[in-house]
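Asks: Dropping a structure here in structure tokens format, bear with me for questions.
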Amino acid sequence: MKPAGEDDILSIVDRHFPRVHPSLLLGRGDDCAVLRPSGPLAVSTDIFVEDSHFRRRYFTPCDIGFKALAVNLSDIGAAGARPTGFSIGLTLTGREDAAWLDAFCEGMAALSRRFDLCVSGGDLSRSALLNVCITAWGELPAGLPQGLRRGVAKEGDLVILLGDIGLARLGLAVLEQTLSDPDASAAARVKALWPEACSRHLRPQPLVREGALLGRFAVEHDAGERLGLMDVSDGLARDLPRLLASPGSGLGAELFLPEQSLHSEVRTYAESRGLDAAAFALEGGEDYALACTCPQALWPDLRTCLQNASIRPLVLGQVRKGPFFLNGKLVVMKGFDHFGA
């Protein structure tokens, strides 16, 4: 059944997200919400656009809601912050019925409940394409007022990776191949053949707790100015030069990505197509792993700290002056760019 109007849509939102939350002094329903921050806030905004970031052919409404929020929470975690809330800007096309909206909200609410987030409000409009714009925020630990940042690495620092890379690129590749298949069940078959890759593309798991753990570590070790962190959204090939501020710093890295460190689905896919699995993974975006730079002297303590994380850290290599090398070969770091050729 189609919602009769905006109030019906908002009532669906209200069923999934409470209006009262400890992080809010005034919740949804007025011109503005009023937040109750305990200190500096890290804030991030991401736009999630139909046929650019997702396709209805293989994304369920629940997937769309989940991923739209997940990509923002990944940014908050990459600042070393603990996410506390978000707002939603949503343009609907008029084709979405109540069941669609309910599933969309449930996908988002599943993540919201996991991290105990408030929803302060947002905006609702109509458009030819479905668009979701999320602004999320989180509280930074005391002693880390600017959060963990890019551009603090120095020559000799280690490059650390938390999380898998390459899986989401594989998921996107195999799901896109179903677009030319008239069989409506093609996407379901691909999801069954490549379950981890498709899951990583459709519902990436933001490493929020790991990011907050690194934030607390930086405070405890007075390392806020030397521990660099960012999430890998456009591919490590594009994001690592950003983390190192390479254009200005002249820094590159000597990277080693053993094939056995990659997920078996990535290795199988690369082998079947004669691809270099490590190079394929390096250029893959949307895994929302965390890339970290760390002075070598801090690594033993950081490694001990990360034993409490659910993700095993991988030492990718070392920061060097000059270009980037992967497994001994010079590489061009180019990743994904919405506006690139």
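The values are calculated or read from the model by the stated rules, or taken from the named source; none is laboratory data. It should be emphasised that the depicted structure is a prediction, and the values quoted were computed from it without experimental measurement. Methodologically, a virtual Cβ is constructed for each residue, glycine included, from the backbone with ideal geometry; neighbour enumeration extends over all protein chains shown.
Asks: So which residues in the range 1-39 are farther than 22 Å from TRP137 by Cα, of a type in the set (A, V, I, L, M, F, W, C) and assigned to a loop (DSSP other than H, G, I, E, B), if there are any at all?
Replies: MET1, ALA4
Asks: Mind checking which residues of the range 40-88 are in a helix (DSSP H, G or I), in contact with a Lys or Arg (Cβ under 9 Å, 6 or more places away or on another chain) and under 13 Å from MET108 (Cβ atoms)?
Replies: Of everything in the range 40-88, those that are in a helix (DSSP H, G or I), in contact with a Lys or Arg (Cβ under 9 Å, 6 or more places away or on another chain) and under 13 Å from MET108 (Cβ atoms) turn out to be CYS62, ASP63, ILE64, PHE66, LYS67, ALA70.
Asks: Then there is this: Take the residues of the range 284-333 that are among the hydroxyl-bearing types (Ser, Thr, Tyr) and part of a loop (DSSP other than H, G, I, E, B): which is surrounded by the fewest Cβ atoms within 10 Å (Cβ to Cβ)?
Replies: Filtering the range 284-333 for residues among the hydroxyl-bearing types (Ser, Thr, Tyr) gives 288, 293, 304, 310.
In the following step, the residues that additionally are part of a loop (DSSP other than H, G, I, E, B) were identified as 288, 310.
On the way: TYR288: 25, SER310: 11.
Ranking the candidates gives SER310 first.
Asks: Being assigned to a helix (DSSP H, G or I) and of a type in the set (D, E, K, R) is the filter here; which residues of the range 229-276 pass it? Please lay out each step first, then the result.
Replies: Within the range 229-276, the subset assigned to a helix (DSSP H, G or I) is 236-243, 246-249, 259-261, 264-272.
Hits for the range 229-276 are ARG238, ASP239, ARG242, GLU259, GLU265, ARG267, GLU271.
Asks: State whether one or more residues within the range 111-118 are surrounded by fewer than 19 Cβ atoms within 10 Å (Cβ to Cβ) and either in contact with an Asp or Glu (Cβ under 9 Å, 6 or more places away or on another chain) or on the phi > 0 side of the Ramachandran plot (or both).
Replies: Yes, some residue in the range 111-118 is surrounded by fewer than 19 Cβ atoms within 10 Å (Cβ to Cβ) and either in contact with an Asp or Glu (Cβ under 9 Å, 6 or more places away or on another chain) or on the phi > 0 side of the Ramachandran plot (or both).
Asks: Hey, which of the strands (runs of 3 or more DSSP E) in the range 108-221, taking only ones fully inside, have at least 1 residues that are farther than 26 Å from LEU326 by Cα?
Replies: Working: elements: 118-126, 131-139, 158-162.
Counting at least 1 such residues, we get 118-126, 131-139.
Asks: Ok, one more. Among the numbered criteria (1) of a type outside the set (Phe, Trp, Tyr); (2) assigned to a helix (DSSP H, G or I); (3) at pLDDT 90 or above, which single criterion is violated by THR91?
Replies: In the conditions (1) of a type outside the set (Phe, Trp, Tyr); (2) assigned to a helix (DSSP H, G or I); (3) at pLDDT 90 or above, THR91 misses (2) alone.
Asks: Could we say that LEU129 is crowded, with 20+ Cβ neighbours inside 10 Å and not assigned by TED's automatic domain parsing to the domain that holds ARG303 here?
Replies: Numbers: crowded, with 20+ Cβ neighbours inside 10 Å: no; not assigned by TED's automatic domain parsing to the domain that holds ARG303: yes.
So LEU129 fails the test.
Asks: A further question follows. Any chance the range 164-179 includes a residue that's over 30 Å from GLY94 (Cα atoms), at pLDDT below 95, within 20 Å of the chain's Cα centre (by Cα) and in the same structural domain as ARG238 (by TED's automatic domain parsing)?
Replies: Yes - at least one qualifying residue is present in the range 164-179.
Asks: Given the options THR84, THR45, THR93, THR60, name the one that is surrounded by fewer than 14 Cβ atoms within 10 Å (Cβ to Cβ) and not aromatic (Phe, Trp, Tyr). Lay out the reasoning, then the answer.
Replies: Numbers: THR84 fails: surrounded by fewer than 14 Cβ atoms within 10 Å (Cβ to Cβ); THR45 fails: surrounded by fewer than 14 Cβ atoms within 10 Å (Cβ to Cβ); THR60 fails: surrounded by fewer than 14 Cβ atoms within 10 Å (Cβ to Cβ).
Step by step, each of THR84, THR45, THR93, THR60 is checked, and only THR93 is surrounded by fewer than 14 Cβ atoms within 10 Å (Cβ to Cβ) and not aromatic (Phe, Trp, Tyr).
Asks: State yes or no: is THR45 farther than 30 Å from ASP183 by Cβ, modelled with pLDDT of 95 or more and within 26 Å of the chain's Cα centre (by Cα)?
Replies: On the way: farther than 30 Å from ASP183 by Cβ: yes; modelled with pLDDT of 95 or more: yes; within 26 Å of the chain's Cα centre (by Cα): yes.
Here the answer is yes, as THR45 does meet what is asked.
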